[in-house]
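Below: the structure, in structure tokens.
The values are calculated or read from the model by the stated rules, or taken from the named source; none is laboratory data. Predicted model only: the values in this text are computed from it and were never measured. Cβ: placed from backbone, ideal geometry, glycine included. Neighbour counts: every protein chain shown.
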């Protein structure tokens, strides 16, 4: 999935973290686990919880808390989806179903086509345009 949307501007930002005792000192374990390289930007190892939390995770956790209202990341491979304008869209746990993430990515990238709201807007504009045309033609 990580390379499916690269040509459309989608990026995965990977932040290795040693707080879950699964990471080597330099973050190599995650790099070996993840097979696809294209479309992934790797950052240095840092914290996602606690006093030394990276600013990006402080922001994401504040904007998208867990379902129970807490903010801490509970386990490695938690994911946050952010739209093209940098607005946090959805938070996913470590074991989230990839098809859910895929459908959300496609929604944000408008790959599946316009939303129902956009279709209604286009129909309304078309009707207004036809009425205007009729008035000028009549």
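Hey, can you tell me all the residues within the stretch 84-105 that are part of a helix (DSSP H, G or I) and under 10 Å from the mean Cα position of the chain (by Cα)? Show your work before the answer.
From the stretch 84-105, those part of a helix (DSSP H, G or I) are 98-105; that's our starting set.
The answer is 101, 102, 104, 105.
For residue 125, the criteria (1) exposed (fewer than 15 other Cβ atoms within 10 Å of the Cβ); (2) within 30 Å of residue 18 (Cβ to Cβ); (3) modelled with pLDDT under 80 hold in every case but one, which is (2). Of everything in the stretch 32-70 that is surrounded by 15 or more Cβ atoms within 10 Å (Cβ to Cβ) and in a loop (DSSP other than H, G, I, E, B), the residue that is modelled with the lowest pLDDT is 39.
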